[in-house]
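Enquirer: My questions all concern the structure below.
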Amino acid sequence: MSSGVGVAALQMAKALGAKVIGTSGSADKLARLKPLGLDVALCTRSADFHDDVMQATGGKGVNLVVNTVGGSVFAENVRCAAFEGRLATVGYVDGMLKAEIDIEALHARRLTLFGVSNKLRTPDQRAQCPPLPKGASSRWSIASFLLRSWLRPRPAWKRTSIWARSCSRRPPDAA
């Protein structure tokens, strides 16, 4: 949760009104995320957070999991996903590139699993904005709101926001 991607995901989720549950092996990092809107902080370096997530969500699970850790927590992330939940794997700092998939859970809960990476993309592909999210009326209204309101580099982290890097074209209504 304390990586650049994790912080940006936290800020975007809060801008959209979501309850955010985050894990980190560092209590200090979790404490620094509280002022940014982290609702539930789980201090752990193990794949043992399912029960806490279920308690925090009233047994429903989460609508979106952003996995920056990798294969060591993949199965636990699947367990934490709600009905029709989504799991975005955006990194593998643990170095584990393989994990078991609970196909019964995937099927029964209609889960969506997807990966996000820029490693194999060309500079031209990286400069292109991602497709407009489902239900969004305008990419630029969303990006402009987030950039103006929430996504600001924080002193505790040296990375810039993922929105600022992912869309090199300036929106026509940007301030």
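The values are calculated or read from the model by the stated rules, or taken from the named source; none is laboratory data. Treat the numbers as computed from the prediction; the structure is a model and nothing was measured. Here Cβ is always computed from backbone atoms with ideal geometry, including for glycine, and neighbour counts include all displayed protein chains. The area values use the complete protein model at the heavy-atom level, side chains included, leaving out ligands, DNA and RNA. Shrake-Rupley method; radii C 1.70, N 1.55, O 1.52, S 1.80 Å.
Enquirer: Quick check: from the Cα gyration tensor, does region 50-105 come out rounded (a/c under 1.5), prolate or oblate?
Expert: Working: a/c = 2.00, a/b = 1.70, b/c = 1.18.
Because a/c hits 1.5 or more and a/b exceeds b/c, region 50-105 counts as prolate.
Enquirer: What length, rounded to one decimal in nm, is gained on full extension from residue 94 through to residue 110, with 0.36 nm per residue of separation minus their alpha-carbon distance? Could the numbers behind the result be given before it?
Expert: Details: separation 16, 0.36 × 16 = 5.76 nm, distance 2.70 nm.
Taking 0.36 nm per residue and subtracting the Cα distance, the gain is 3.1 nm.
Enquirer: Grab the Cα-Cα distance for residue 126 and residue 86, subtract it from 0.36 nm times how many residues apart they are, and report the gain in nm with one decimal. Mind showing how you got there, number by number?
Expert: Numbers: separation 40, 0.36 × 40 = 14.40 nm, distance 2.32 nm.
Length gained between residue 126 and residue 86: 12.1 nm.
Enquirer: Tell me whether region 3-138 comes out rounded, prolate or oblate; compute the Cα gyration tensor, take square roots of the eigenvalues as a ≥ b ≥ c, and use a/c under 1.5 as the rounded threshold. It would help to have the intermediate numbers written out before the result.
Expert: Details: a/c = 1.29, a/b = 1.16, b/c = 1.11.
Note, shape of region 3-138 comes out rounded.
Enquirer: State, as an integer percentage, the relative contact order of region 41-124 based on alpha-carbon contacts under 8 Å between residues 6 or more apart. Let's see the in-between values first.
Expert: Numbers: 135 pairs, mean separation 22.3, N = 84.
Worked out over region 41-124, it gives 27 percent.
Enquirer: Run the numbers for residue 118 and residue 16: contour at 0.36 nm per residue of separation, minus the present Cα-Cα distance, in nm.
Expert: On the way: separation 102, 0.36 × 102 = 36.72 nm, distance 2.47 nm.
Fully extending the segment from residue 118 to residue 16 adds 34.2 nm.
Enquirer: Would you kindly find the accessible area of residue 96, with a 1.4 Å probe and non-protein molecules such as ligands, DNA and RNA excluded, rounding to the nearest 10 Å²?
Expert: 90
Enquirer: Mind ranking 72, 117, 26 by accessible surface for me, highest first, 1.4 Å probe? Write out the running numbers ahead of the final one.
Expert: Numbers: 72 55, 117 75, 26 25 Å².
From most exposed to least exposed: 117, 72, 26.
Enquirer: In addition: What distance in nm separates the simple spin-label points at residue 101 and residue 46, each placed 7 Å from Cα in the Cβ direction?
Expert: Result for the modelled spin labels: 2.8 nm.
Enquirer: Taking the mean number of other Cβ atoms within 10 Å as a proxy for protection, how do you rank 51-57, 63-69, 99-105 from highest to lowest?
Expert: Result, highest mean Cβ count within 10 Å first: 63-69, 51-57, 99-105.
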